[in-house]
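Below is one structure; the comments refer to it alone.
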Amino acid sequence: MNKPSSLPLFLSLLLAAAGCGSTEPVESETPAPAQEALRGSRYCEILLGDADLGAGSVTIDVYNTQGLNECPEAAWVAVDEAKVKAETMADVVVLNGPRHWMIDSFEGSKLLDPEVRKLGGIEMRKTGTLALALAFTGAAGKAKPYETRTVRRDTTWAYDAGKPVYELVDPEGAVYDMQSYSVQEVQQDEASLAKLGHTLTLPAGWTFRTRMLDEKIEVKAVDGLAVVVQDDFGNTYQRSQQ
């Protein structure tokens, strides 16, 4: 069966448990938290997509290294997408990572499937399944910086007192806290995040800020829905209840 030529491009824009979905809510789970602090820890994802032209949809299984390993660089760069595609019989394989958590812990999360599976030689577990309409695989479905997305999940991100948070504020005053940063497009580390405000190309009315927390805060998915947004560099933020 011939698959839409735009499908690989669209899938590559999805960031699953990291936070990017379609313009409609999608099903997503987040891996159960490891015991150690999450902030700064590295993870990677491999997305396996299967298109159904008859149903006009694409199903994406998201595999994540969280809680198993920190996606060793040598192993990650050696992943062969074509080989993974052949082994899994997926229509499309997308590598998403490396990324680094900027939350300190999360609660109310569960593993979608506890079975450990090796993909490209790296141990991962399935942490999400996204069901999307193929209508979103065209130009209109392209994810853009500062364009909000809604993800269906039940999670609570926690940020500890005494730690910095990096936030986007939209023209209506809604606050989005960074949940993870990406090193896919530009080289970043936590120390460089405070300077993002000088390098981001912010739309009119948007601002970026850094602040130190006086007390612990929690950022929740409200009624099972999380609103997320990405900046120019693929860093992901979730709308806060502040």
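Side notes on the structure shown:
Residues checked against (1) surrounded by fewer than 17 Cβ atoms within 10 Å (Cβ to Cβ); (2) among the aliphatic types (A, V, I, L, M); (3) assigned to a strand (DSSP E or B):
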| site | (1), (2), (3) |
| --- | --- |
| V186 | yes, yes, no |
| S192 | yes, no, no |
| V227 | no, yes, yes |
| D232 | yes, no, no |
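- Those residues of the range 161-184 which are of a type in the set (A, V, I, L, M), buried (at least 17 other Cβ atoms within 10 Å of the Cβ) and closer than 16 Å to W101 by Cα, in sequence order: V165, M178
- Strands (runs of 3 or more DSSP E) within the range 44-110 that include 1 or more residues of a type in the set (D, E) and either under 30 Å from E215 (Cβ atoms) or assigned by TED's automatic domain parsing to the domain that holds K126 (or both): 57-64, 105-107
- Checking A191, A204, A158 one by one, the residue that is free of Cβ contacts under 8 Å to residues at least 40 places away in the same chain and closer than 16 Å to H100 by Cα is A191 and no other.
- The range 45-76, subset polar (S, T, N, Q) and within 28 Å of D104 (Cβ to Cβ), residue modelled with the lowest pLDDT: Q66
- Selection within the range 207-225: residues that are of a type in the set (A, V, I, L, M) and in contact (Cβ under 8 Å) with a residue 60 or more places away in the chain. The member of this set that is surrounded by the most Cβ atoms within 10 Å (Cβ to Cβ) is V219.
- Test: residue in the range 171-182 that is polar (S, T, N, Q) and assigned to a loop (DSSP other than H, G, I, E, B): no
- Residue within the range 209-225 that is at pLDDT below 90, more than 14 Å from I103 (Cα to Cα) and touching a Pro at 6+ places or on another chain (Cβ under 9 Å) present: yes
- Screening G97 with (1) farther than 23 Å from Y237 by Cα; (2) of a type in the set (G, A, S); (3) in contact with a Cys (Cβ under 8 Å, 6 or more places away or on another chain) gives one miss only, at (1).
The values are calculated or read from the model by the stated rules, or taken from the named source; none is laboratory data. None of the values given here were measured: they were computed from a predicted structure. Ideal geometry is used to build each Cβ from the backbone, glycine not excepted, and the neighbour counts take in all protein chains shown.
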